[in-house]
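Asker: Quick one: the structure is below, and I'll ask about it shortly.
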Amino acid sequence: MVLDGEAVIWRDGRLNFAAAQSRAASSTTRARALAARYPASYVCWDVLQHPDPQIGDCRHLPYTERRAFLLELLADVGPPIQVTPATDDRAVAVLWYDALREQGIAGDRLQTRQCRLGLVRSIMFGAR
C-alpha cells in the first residue's frame, strides 16, 4: 500500500508546521525531546497503490474512488495515522474555509456525469 500524506505536529489544538521544521533541523537529542513533547501524526489524503493486486495502482482512478478506498483501508486504523477531512457539502466547506483560513485549505473540482462540484479535501499544513 502506498499512501500520499504528510507528517504533522499538533500544538495547542492546531497544526504547527514550524514545529515540524524545528524538529527536522534539530540535533538527534533535541529531536527526541521534541517528539516526546509533541508527537507527530500522519495525515493521509490519497491512496496511490492499493494492497489488493486486483486493484493495484490507483493513480488513474477518479479521486472519489481513491477516497473511498482510503477510507476503507484506514477504517480500523487510529491516530497517529488519520484520513484528512473532506466534504462536498457547500455549507460545511464555507464553514471550514472561514474557520481554517489561517491554516489553509485545499480543494478540488470534481467532474461527474451528473454535475460539477467542489470538494474541500484537506487542511494544509502551515500558518498563512
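Coordinate-derived values only; no laboratory data. This is a predicted model, so every value here is computed, not measured. Note that each Cβ is placed from the backbone with ideal geometry, even for glycine, and that neighbours are counted across all protein chains shown.
Asker: Which shape class, rounded, prolate or oblate, goes with the range 1-109 when its Cα gyration tensor gives a ≥ b ≥ c as root eigenvalues, a/c under 1.5 marks rounded, and past that a/b bigger than b/c marks prolate?
Answerer: Numbers: a/c = 2.49, a/b = 1.33, b/c = 1.87.
Judged from the Cα gyration tensor, the range 1-109 comes out oblate (a/c at least 1.5, b/c at or above a/b).
Asker: Under the 0.36 nm per residue contour assumption, what length would be gained going from the current alpha-carbon distance of I81 and T64 to full extension?
Answerer: Values: separation 17, 0.36 × 17 = 6.12 nm, distance 2.02 nm.
Extra length from I81 to T64 when fully extended: 4.1 nm.
Asker: Now a separate question. With a Förster radius of 35 Å, plug the Cβ-Cβ distance of D89 and R32 into 1/(1 + (r/R0)^6) and report the FRET value to the nearest 0.05.
Answerer: Values: r = 42 Å, r/R0 = 1.19.
Efficiency, from the Cβ-Cβ distance: 0.25.
Asker: Here is a further query. Check which residues have an amide H placed less than 5 Å from C58's amide H, if you skip close sequence neighbours.
Answerer: So C58 has HN proximity to Q49, H50.
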